[in-house]
Each structure stands twice: as structure tokens, then as C-alpha cells.
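Taking it in order: structure first as C-alpha cells, then the write-up.
Read-outs: derived from the displayed coordinates by stated rules, not from any lab. Being a predicted model, the structure only gives us computed values, none of them experimental. Please note: Cβ atoms are built from the backbone with ideal geometry, for glycine as well, and neighbour counts cover all protein chains shown.
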Amino acid sequence: MSTTTASRVHTDPSRWRDLVDSDERAEFAASVRAHLGARFGPDAARACFDAAQPAEAWREIAAADYPVIGLPEAMGGAGSIVDAVAMVEAAGPALVPLPLVSTVTAWQTVAHAGRPSEGRAYEVSSERRAALAVVDGTDELVVLDGALADEVVLVDVRGAAVRVSVADVSDAVTAVHRHVDPGRPTAVLDRTRLSETVLADGRTDVDAVLAPARTVLAADLTGVGATALDRAVRHALEREQFGKRIGAFQGIKHRLADVYVAVERARSLTRAAAVALASDGTSDLSAAELALLAKAAATDAAVDSTRAYVQVLGAMGMTFEADAHLYFRRAQQTAPFLGSAADCYRAAALVRREDHR
Amino acid sequence: MSTTTASRVHTDPSRWRDLVDSDERAEFAASVRAHLGARFGPDAARACFDAAQPAEAWREIAAADYPVIGLPEAMGGAGSIVDAVAMVEAAGPALVPLPLVSTVTAWQTVAHAGRPSEGRAYEVSSERRAALAVVDGTDELVVLDGALADEVVLVDVRGAAVRVSVADVSDAVTAVHRHVDPGRPTAVLDRTRLSETVLADGRTDVDAVLAPARTVLAADLTGVGATALDRAVRHALEREQFGKRIGAFQGIKHRLADVYVAVERARSLTRAAAVALASDGTSDLSAAELALLAKAAATDAAVDSTRAYVQVLGAMGMTFEADAHLYFRRAQQTAPFLGSAADCYRAAALVRREDHR
Amino acid sequence: MSDVLAAYDRFLGEALPEDYAARVDHYRHDDHLRTEFQVASFEAGWLVPDWEPGLGGQGLSSGDALAVRVEGARRRVPKIHNVQGVGVVAPGLRRFGTPAQQDRLLRPVLRGDEWWALGMSEPGSGSDLASLRTQARREGDVFVVNGSKIWTTQARESRWATLYVRTDPDAARPHAGISCLILDLRSPGVDVRPIPRAAQSVDAFCEVFLDDVRIPADNLLGPLNGGWRVASESLEHERDMIWVNNWVEIAQAVEPALRRPDLGDDALTELGRILADAEAVRFTGLRTVFGRLSGRDPDEFFILKLLGSEAAQRATRFAMESTGVDGLLDAQLMEDRVESLGATIYGGTSEVQRNIIGERVLGLPRDR
Amino acid sequence: MSDVLAAYDRFLGEALPEDYAARVDHYRHDDHLRTEFQVASFEAGWLVPDWEPGLGGQGLSSGDALAVRVEGARRRVPKIHNVQGVGVVAPGLRRFGTPAQQDRLLRPVLRGDEWWALGMSEPGSGSDLASLRTQARREGDVFVVNGSKIWTTQARESRWATLYVRTDPDAARPHAGISCLILDLRSPGVDVRPIPRAAQSVDAFCEVFLDDVRIPADNLLGPLNGGWRVASESLEHERDMIWVNNWVEIAQAVEPALRRPDLGDDALTELGRILADAEAVRFTGLRTVFGRLSGRDPDEFFILKLLGSEAAQRATRFAMESTGVDGLLDAQLMEDRVESLGATIYGGTSEVQRNIIGERVLGLPRDR
């Protein structure tokens, strides 16, 4: 809220026009939703409890070029991170059991990490699957969705400067934990087995380096939260108790209204973070702060919405065949990465305090 | 949850029998409620916005000997702190515009502070009004309900040892802030103008020294919260909207049910803290921890209940003539002393962690 | 900087004292400055920038007008005294008023020369017009009105009121029989009684009693029995103002905390949560604006009141509680705190907002 | 130490392995140990200490029996496998069973030799017995039963079930026409199908289909059409067990956090809040016990389920979230987390609990 001319100019609302999808982007998101929803969805996620992830289906994701959407042309992509965020959010209902989101977080991190320190351009292809690892004190790297990754992007925050590098995963995976969400398992990588190529090491602001990845995770969590809400509403419209549809009871109605607020709050902040990233530092709030707020809000929304989905279903929600636990698992699996909700809120307050000085 | 024999024995529930009032204590509480309710109440509290506190009415409080209830016989009292807590809670509805609660916090602190370092017994009388000040780094002491106090008990927590002393207030008051709750104003005292007599300085555990005062404040806040709930319920039973009594709507009903849970949660913890203090260290939880939990829970309950009372009344709740703001003000005025809810929860976790080792 | 904002910046430089930014808390409630600033804004076309010259505007696009409004809120320009006059009454007059009504009334309300009250709520009925009972019966050239209004802000200081009355008691739907009359509050039979408030900061409400009050038939605003439309379309104009102000209020309530280096981790977490609320209000507000510009009527509009008012209440609580006992020494903190209790009540309680979201947005069944 | 607790301590010393306290997480789910411990408790009179010798007790006062229960929960003695057998069925048999029924059934259920299921909920009806549709019609010496039950815990492993059926479809009040039958789950016409669950830790539910199942009339438990009383009085016996277990569960979920020196301030605050919940469950539970001892029926009893289950859910969330990404590497944390989602559903959802508090305790009007 400082009143210097420099910050004042950027409140101009027209800079935020991309908060709302153009017709073209809305159509694209609808096509992603239709495609992935038909190809995957809850049944595919449930199948992962008994069998491996359907690795072969990556071909279809690669063919649609989803992994490179929103990357700069120099990296082989097109569009901006706003498109990537729209795509990831639209993928939410499908519970894609493949490392799509992790690949997008990894490559968006590279794309925004600044000029390569060694002058090498980095090219990616939709065939390769990637994941993101944050290094902060141990060589045992806990990596979201990393079980099928071909390469891993590392953000090393231990020194004064933040270093971004990339490595082939090959045989560095020491464990895969599938118990939370077998469609998006946690991999543990042994960093000492990785051979890294440095891509950037001139940055000092870790929250700025992680902003693209946080924004992408926020989009994923928003998509999961929105889907859970949608399905909870549908159930509340069908199920009757005490002679009326349960959605008529304010106990249910008001809870779902609060979830709607949480989801839209997350969506607004996530879109704003993407727009700020895409507009390259010309907004009145830093992308670093917005991405932290978005990740925090989306984590809250996803956990609360999926929990409400289980609750609205009642005992049915605790069964394997009901889809509620699948969305809850997806939210719970993604929630802790790049900072819990509390961590991110706190960090955002610190960024704001710094900017405020 | 350690499983040594020493701690195990004290889970014996019979040690907590005083959680429930004996017939005698219940009768006493009812008489306090009737007496103070008839003598003071919302109108007396409202009158303090235009006039001074009714200092002369202290005579009646002194005549009933409320200030010394629960003090040891050596100090001129009778009964235990459980009686004092029952009395303070029962005084809640009356919004007493006199320093009754502050007097009880001060003298209960003295009573539990351990043997006087100078071998002097300390006697109190119901005629004298007192207040409690915590000294932690400045000579400007912010004192709850201290405007009419004759003496002030100081708990100095700055050194390694906690020191408890007492002083005549005389001309040490530098400011009185009446804007939050003119029936229980905040006084600012200049410590350099006080001439202190040390009563105890052998204790090192500040949370143990403050436990009696926290428990008494918790009882006050519980009483205020319970009263606000009671009145909100009455309104919800009378007022109609959309053709039915508003208490029938789950939006109101569930909120008031949650307030009831908060009030009973606070009441249980407050009583437990008092019982632990009265039983002198033989319980399986320290009185220090229980008093912290009680103060935290009661602060939450009072603020939330009085806020709900305003909300249930609607626009009416924002008027001067409605009583809701009086209870809200009382809760808000008392809430920050001896630690906010968050401070107390956090401190309790630290105590538990220490005991756990 | 866009040209428009540069021009607005120049205007503010001229219209406000030099040290305004530094002493904003002092100046903001300066009644004399508030009056002068409103007149200056009206004359220079910054009061309602998207309206035509002569009516406080300069014909800006709605996007540019929003930019001006956001900027003004952020720089905390002096508050308009009779805010419902500019925000609700003026749009209603411009949309529904006869040429004679506009000629007589528009300029004074926009300049702040004549204040207006909104005569909507009644004792025993909520903010829902459908249940109002104040009656107007036509007698020749006048309506004769009997009844009463409550929660009428600034009725004592106002010259006029938009008075919603039942003109057709037999209408098929209760909404259909309501009209809007322009009431001169000096008319015989009008009795205005202030309602004492719980704190200085709380809106100054009145009750207005109407005993055989005679209102000229020429003072009908909009069509006979078309009052419901007059009310809803007049209120619509305020909608962006509300969230813009909310955004700024929430952020400002926690601003002192940003200056304190000693905040603990849990206070910082709560502070971050409130910053998220504030920015979510702004970006959701902008989503609704851009959505309307592309011809849609965005559902997310309906979260703004609930999110904004609950967040405002949370922010004042944080402001007070994060300062501990010292918070009791600053009267403004408690004023803000009590005022924020009204945020979740006035203009539709949070419970009503949750019903609206549940029913209109999520499509859940009504239950009343 | 009281004599009773000293004696119980000696019993546990003999009945449990020496390293039980140190390896409690390992032993607690050891099926063999669980079976042995239940038998030993039964024989030594510690299973239901306030019952008479020969029925798993030793005639203790209810206060002493509670002390034993609290102590057992706190020391995390091996879980009873078929908990509703001991907690619900046995009290029902003891209260309502004929001598022949008690003779045949009580000892096996208390020793854990024969397991029992509770046949209450039905598809499409909540936990409210009033709407149940399973029919029993009398044919000579037997009841012929048709219908189905759902959410029937451990039906596959059980030998018997208490089956609630409608015996008088024309009863004036729906509660009045219900009876409780003792169903041998091996009877022809009984089909038990397990319902796959969302996690290992979630209760193993079944559906039970009943197709012309013939149950001897001697298997009527309690009076004909008196099933509602049988159900409510049987369940009453469990009430202290529930909050005692809840208290211990909540405290145990956050115990690992107490061992971590690196918790930040906001995690500590949340930890303190959960400790308050846990102790509030205990002390409120004790208030209800002492209240009943002095002949009252304390209102605060009704908060125990809501507070306890919401706190349990909050505690497992805290346990998982406070460990960050490492929390994803420990399968038990997620099992506990998913299991806790059921706490606010089974045995009356939190929404139902809030209705109960609002209506029965606060006296607010019903609205259904």
C-alpha cells in the first residue's frame, strides 16, 4: 500500500484482463477437460491401487502437447503460463495418473529461471516426463509424482544464490510411496546418483524461482477442489433424508457455499499469479507473493472441498467405490509440496513486509 | 502420556470429582447470580458510558465477602479456588462494573505464590480492591480493571526468578482507558511511583505463578460466553423470519451449537484448572498447563459467543440499546490479558513438551 | 502510466493538501475537506468518471472508470459523506427520473449539497422488499403514506429519501405492488428518530415514522408498481464500489502489522491469510468486471460480499489481537472492530449470502 | 495409587509382554495377543470390572470401573477385536436376555469366542431406526425375515447379529413397531457381502441381505415391538468408552509432534489447541460421569461426540501436515487421516450432532 508513483501506476485493472479466459482459451480448457476426462477419470485412478500407473498412456498426453503448453517458443512451446494454468486446472476432474503436473512444474521453473548461466538454451519435448525437486539440506529428495519421471529439475536453495539444474533420473529413485495416491506417487531420489547440468544460478530470491511451480500446483489443487465441490453438489441434489433433498438443509448448503468461496478465492489468486508471471514483473504485486498466496489458498480449498465431499456422502464416502477418497487423496498428496498452506501464507506476509519497506 | 508409575496413578478420575458442583456450591453460585444480576446487569454497564463506575456499590460486594472467597484462612478467606471460580463464573451475566474479578486474580495469585520470602503473612480484607500487573520489560503497566484499585499485585517475570510483590496504587495511575468497556476499564500505572513489598520470590515457573489468575479470568470469560449464548438462544426463539423462528434455521442452530461446544469446552478446562490448583499438584496434568488451556479456550468461547450474539440479533445487535455489544466489549476487554488465546495455546504446548521429556 | 491515471494523479495533486498521503488518517475524516473534495471531483469529472460531463463525469470507458475508482480507494481519497446519495440515488434518478426530477435533484445529490436516505427496511421485515407494509394510497394529486422505516442511514441529516411503499396491496406477487416515491423529509407527518449505536464508528441509523404524509404524485420515481426494479437497478451501480472499498479496507486494517518487525510465526500466518482474502476480493472483483465486459454475468460475483465482510471482520480482530494489551490503549482499533461486526449483517447477513450462493450459484433447493 | 489401580497394574504386568509399553504400536494390533488378552481380562474380572464375577467383572463401583477403563486406554492395552460385542451386545443380553439366551450367549461374546454384528442401518435410511423397512412376520414358532442391512461392521467374521426388524407395520409411531431378533448369520437366506473401503484403517463394513430367513421366536431379545428400547439401552453402555477412547486417540495422534524440538510457533499453537480439545473431552466426560453419579443427566454429554470426532480429525490432519513432505513417507499417518474422516460421519454425523445440541440442549425449534 505504499503510495509512490512507481507502485501506483500498476493498480490499473486493465493489466489483469487475462484473469478471465478469452473465448479461445476457454475452448481449449473445455477440450482438455473433455479429452482427459474421457481418457482417465476416477476409474483409472482407482485402477492404480491394484496395478501400476498406465505409463504407456503418456503417448497420448505427449501427442496433445500438453506438457509444453505455455513454454516459450525457444523451449519448443507456445502461449504463456496462463495457458498452462488453464490446462492444469481443466485436468483436475480426470485425476490423471501420469506425471503431467510434475512435468509442467519442472519446465515452467526452467522457463522462468532466467538466462542459462552457461549460455545453453534448454529444449524440452513432450515425450519426456519430468519432475521438480527442492534441495534444502539433505541428499534424500522427496519428489511429487516422480516415479515415472525421465528427468528431474532441481532447485537448490541451500546457498545464498538459488541454483537451478537438471539431471536424468535413471537409477536415482530409491523408493516410491504409493499409499497416499497411487496415481501420483511420491518418489525418493538419491541426489548423489544424479549428474546435474546447471541451467541458472544467478537468482537470489527463492520464492521468485519457485513462483511458477507453486502457481501450477495451485491450479492443480484448484481443479481438484472445484471437482470435489461439483460432485458434492450433485450428490446433495439427489440424496434425500428426512423427506427432503439434503442440499436444502442449511447445514449442507452453507458448508458447500463456504467451499465455493474457498475454491473461487483460490482460482482468483492462481490466475492472478499466472498473469503476474506472464506479464513479467509489471504488476503491483510480485509474482512471488501471489504464487505463495495462490498455493496456500488452493491447498486450503482442495483439502477442505474434498473433505466436505466425503462428509456430504456420509458412510458411502468412506467406501472404496465412491470417488470421494480419490479426490481427497489427490489433494492430500499434493498439499505439502513447495510449502504447506501455513508456510506459504507466512512466507507471503514476509514478502509483503519486505516490499512494504 | 508417559507411562511411568508416577504419572499413571493420577489418572484416577475420582481426583476430579470437584469438576461438578456439590449441592452447596451450586446453591452458592445461584445466590451470587441472583444477587449480582439484580444489583447490576446490562443497564448498570450501559450507565458507565455516561457516568463513572458506581464505586460506592463496592460496599455491597465487600459485605457479601465475595473478594475473599476461596482464599486460605490465613489470609482471611474460606473455601478453595474452586469456589472462587464458581463465584466469578456466576457473576458473568451481571457485567459487574467494579473490580471484583481483578481483586480475585490479585489475591489468588498471592495465595498460591508460595511462602512469603520475608516470613510475613499477608492479610486481605473485602473492603480493599486490588488488581494484577505483569511486569515484563517496561515500567508502564497495563492493568485490567485497575481504575478503582487500592492496591496492585505485581508479578515480575523479567529475571530468572519470578517475583511477586504488592503496592498501594495511590497516585501511580497515569491513564484510564474506558473506550472498550467502561465498566471494566484499563488502567496504566507508572511502576516507578509504586512502593513495593515483596511477597514471594522463590518461584521460577512463571506459568505456575500465573495459573490462579489465568483460571479466574477463564471463569470470567466462560461466564460472559455462557450468558451471551443464553441470550442469543432466547432471541432465536422469539424472532421470526420467512415465517418461522430463526432458531429453526440450521444456519443459526448449528452456529449456536458450536458456541455451546466452545463454552462447555472452556468450562470443563477452567474447572479442571481450579481443581488442579486446589489439589496442590497431585493431578496428572500441571495446573500451569491446564490454566493456559483454560484461558485460551475461554477467550475463544467468549469472543466467539458474544460475536454470535451480535450476529443473531442482526442490525438490532449494532444498537446501543441492545445488550449484545456490552457482552462483546467485556469479552474483548478481558481477552488479551495474561496472554491471547494463541499465546496460551502455544505456551501450553511448550509446557506439555517439557513435561513429556 | 495510462493517460487517464496520470490526469487523475494531477487532479488529486491539486485537490488535496500536499501532506495528504502522510496524514491521511487525519484528513480522511475532515468534514470540510470531504465536502470540498466532492464538489471538486464533481466539477472536474472525476466523481463518476464514466458519466457525461455536467453529471460528475467525463465519459470514460467503464474500464478506465474502474481504474480511477481503484486508484482513489488505494490512495484513500476523502470519503463521500452521503455515500448512498452518489452510489444509489443518483444512478436511480439518472435511469428512472423524469426530466423535471433530474433537473431539480441530480446536481445537488452529486455535489453533496442535498443528502439522501434510503427508505427500504421496515421493523419486522428483513432487507427483502417483498414483505414491506408501509402503505401509499392515491388521493388526487398526492400519495398519502402511512407506516415506518428502520435502519435508515443518515435520515436526520438528509433532505430527501427514496421511499419504497406498497401501492397495490392486491398484486399477485408481493414484489409487484411496490413503488418508489421521492420523499421530502421536511414534509408534515414525518418523524425521524435516531437509533443510538453500539460505537461511534457504527452507521448512524434512524427510524422514520410516516403518519398521513402527503407526497405529490409527481414524486413517483419510475413506473407505478415498478419499485422493485428501481431498487435493484439502483443498487447494481454500487457493486464495484463495494468490493473496491472492501479490498482497501482489509489491506489497511493489517497495514500497521506490516510495520512491526516482532510478529511471531502464527501472527504472520494469519496476516498472510488476510492478505490472501484482500487480494482474492480484488482479483475476484476484477474477474466479475472483465466477465461482464465480455457479456457474461459471472457467478463468482456472489462471493464478494461474504468473503469481503468476513475478511474485514477477521482483519480488525487480527489488528486488535496481534497488539495484545496495548491494543486496548488505541480507541480506533476497538471502533474498527465493532464497526466490522456490522459488515456481516448489513446489506444481507452472511447467512443470507450463503443461502444465495447455495441456491443461485450451486442450484441447491430452497427451504423456506 | 488406589488399591484397584494397583491391582490392575499387577494384572497388566502379568497379562502383557514385558516390552509392551515400549513396543505398543507393534503389539497393539497383534491378533493373537488381542485374543489372549481379552480372555485373560474376562477371567480375571477386568473386562467389565463393574459386572459380577463370572461375567468378566469383579463388582467394582462405577467410579473404580471408570478409573480402570481410563487407565487401560491410556496404557493402550490391546484393542478388543469385536468391540461392539462387549460394548453393546453383552449389555443388551444382560439387560434383556432370557436366562436361556444369557446362558448360551453371554460368556462367548465376552471372551471373544463368538463375534457379533449390529444389524441396524439400512440402505436409504440413516442411523435412525424409525425408518427401517426390514420386515419380520410371525409364522408359528419362527419369524420370517426379508430385507437388507448396510454398514454392518464385521458381519463376515461374526457368528451372530442383533437384527432390528419391523414386527408391527401398523404401529401408531414408527418407533413402536420394531423388535430385536438374535440372528444366526449361518442361517439359510443370509447373504453377507463386504463393502470395499477407502483405506485399510476404515471399518470393514458389509451389506447383509435377508431372503426369507427363518429365526426361531425364542431368539426375540427383549419385548415384542420393544426394539427401540433394546437399542438405546444397549448403546448407552458404550457412552463412557467412546469419550475415553477419543481422549486417548486425540492425544496420541499429536504425541509424535511433542517429541519434535523444531516445531514452529504456529504449529505449537495448533498443537495446544488440540491438547485443549483432548483434555476438554476428558474433563467434560468426567463431568457427565460425576453428574450422573449425583443423579442428574448432564446436558454437556451431548458435546462429546461432536467435539471428540472433530478434534480427532483435526489431530490427524495436524499430525500429517506438521511433518511436511516427510509425512507422505509414513503410511500410518495417511491411514489415520482417512480413518478420521469417518469419525464425523459414523454414529451420527456432525450435522446431526449439531441438530441434537441445538434442539435437545438449547431448545431451538425442530425443522424437518
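Per-residue shielding of B:237-243, expressed as the average number of other chain Cβ atoms within 10 Å of the residue Cβ, stands at 3.
Measuring nothing but how far apart in sequence close Cα pairs (under 8 Å, 6+ apart) lie, relative to its length, segment A:69-215 scores a relative contact order of 25 percent. From the alpha carbon centroid of segment A:197-254 to that of segment B:250-291 is 35 Å. Label points for B:GLU240 are taken 7 Å from Cα along Cα→Cβ. From this copy to the others they lie 2.9 nm apart, shortest first. Peptide A:334-346 has a mean shielding of 6, counted as Cβ atoms of other protein chains within 10 Å of each residue's Cβ. Here the convex hull built on the C-alpha positions of the protein assembly as shown has a volume of 193 cubic angstrom per residue.
For segment C:238-361, relative contact order (Cα pairs under 8 Å, six or more residues apart, normalised by length) works out to 29 percent. Label-point spacing for B:ASP205 across the identical copies (point 7 Å from Cα in the Cβ direction), in nm and ascending order: 4.8. Taking Cα atoms only, the orientation of helix C:62-74 departs from the longest principal axis of chain C by about 60 degrees. Only lysine pairs 8 or more places apart, or on different chains, with alpha-carbon atoms under 21 angstrom apart are counted in the protein assembly as shown, and they number 10. Around the Cα centre of segment C:238-361, unit charges on the Cβ atoms of Lys, Arg, Asp and Glu (plus for the first two, minus for the last two) sum to a dipole of about 480 debye. What the phi angles of segment B:231-244 give under the Karplus curve with 6.51, -1.76 and 1.60, with θ = phi - 60°, is a coupling list of 6, 5, 4, 4, 5, 5, 7, 9, 6, 10, 8, 6, x, 9 Hz, glycine and proline written as x.
From the gyration tensor of the Cα coordinates in segment D:3-79, what semi-axes in whole Å does the equivalent ellipsoid have, largest first, with each one equal to sqrt(5λ)?
Three semi-axes, in Å: 21, 13, 10.
Shown for C:ASP103, D:ASP113: other C-beta atoms within 10 Å of each C-beta, ranked fewest to most, produce the order C:ASP103, D:ASP113. Using the beta-carbon distance between D:SER62 and B:GLU73 and R0 = 35 Å, what value does 1/(1 + (r/R0)^6) give for FRET efficiency, to the nearest 0.05? It comes to 0.50. What the phi angles of segment B:127-136 give under the Karplus curve with 6.51, -1.76 and 1.60, with θ = phi - 60°, is a coupling list of 5, 7, 9, 10, 8, 10, 10, 9, 9, 9 Hz, glycine and proline written as x. Dipole check for segment B:85-228: with +1 at the C-beta of Lys and Arg, -1 at the C-beta of Asp and Glu, and the Cα centre as origin, the magnitude is about 160 Debye. Round to the nearest 0.05 the FRET efficiency obtained for A:ALA30 and A:ARG158 when R0 = 30 Å and r is the Cβ-Cβ distance. Efficiency, from the Cβ-Cβ distance: 0.10.
Gyration tensor analysis over the Cα atoms of chain D returns equivalent ellipsoid semi-axes of 35, 25, 21 Å (largest first, whole Å). Applying 1/(1 + (r/R0)^6) with R0 = 41 Å to the Cβ-Cβ distance of D:GLN101 and A:ARG239 gives a FRET efficiency near 0.60.
Relative to the dominant Cα principal axis of chain D, helix D:99-111 is inclined by about 30°.
Can you find, among D:SER232, A:VAL143, D:GLN313, the residue sitting farthest towards the positive end of the charge dipole of the protein assembly as shown, where Lys and Arg contribute +1 and Asp and Glu -1 at Cβ? Working it through, the farthest residue towards the positive pole turns out to be D:SER232. The alpha-carbon positions of segment D:238-361 define a convex hull whose volume is 107 Å³ per residue.
Report summary: the helix-based calculation at 222 nm, which adds -39500 (n - 2.57) for every DSSP H run with n ≥ 4 and divides by the residues of the protein assembly as shown, gives -15000 deg cm²/dmol.
The residue list C:VAL144, B:LEU100, A:ALA218 was ranked by how far each Cα lies along the charge dipole of the protein assembly as shown toward its positive end, using unit charges on Cβ atoms, and C:VAL144 comes out on top. With K and R counted +1 and D and E -1, the other residues having a Cβ less than 10 Å from that of D:GLY97 yield a net charge of +2. Placing a label point 7 Å from Cα toward Cβ, how far apart in nm is B:ALA38 from its equivalents in the other copies, listed shortest first to one decimal? Its label point is 8.1 nm from the equivalent points in the other copies. What sits nearest the axis between copies B and A, counting only chain B Cβ atoms, is the residue and whole-Å distance B:GLN250, 2.
Relative to the Cα centre, the charge distribution of chain C, modelled as +1 at Lys and Arg Cβ and -1 at Asp and Glu Cβ, gives a dipole magnitude of about 840 debye. Could you give the Stokes-Einstein D for segment C:115-224 in µm² per second, using the C-alpha Kirkwood radius, 4 °C, 1.567 mPa s? Result for D is 92 µm²/s. Pairwise inverse Cα distances across segment A:250-331, averaged and inverted, put the Kirkwood hydrodynamic radius at 13.9 Å. Where the alpha-carbon atoms of segment A:202-261 are placed on the principal axes, they occupy 65, 16, 10 Å, in descending order. Sequence-distant contacts, meaning Cα pairs under 8 Å at least 6 residues apart, place the relative contact order of segment D:3-79 at 29 percent. The C-alpha atoms of chain C define a longest principal axis, and helix C:31-44 lies at about 80 degrees to it. If you take all other residues with their beta carbon under 14 Å from the beta carbon of C:LEU66, and give Lys and Arg +1 and Asp and Glu -1, the sum is +2. Peptide A:170-182 has a mean shielding of 2, counted as Cβ atoms of other protein chains within 10 Å of each residue's Cβ. Here the simple spin-label model places points 7 Å from the Cα toward Cβ, and for D:ASP3 and D:ILE356 these points are separated by 3.8 nm. Kirkwood radius and radius of gyration were both taken over the C-alpha atoms of chain B, and their ratio Rg/Rh is 0.97.
Label separation (C:ALA171 vs C:ASP191): 2.8 nm, computed from points 7 Å beyond Cα along the C-beta direction. Taking other Cβ atoms within 10 Å as a rough exposure proxy, D:CYS206, A:CYS48 sort from fewest to most as A:CYS48, D:CYS206. Scanning residues 5 or more positions from C:PHE205 or on other chains, those with amide H under 5 Å from its amide H are C:ILE195, with H placed 1.01 Å from N in the peptide plane.
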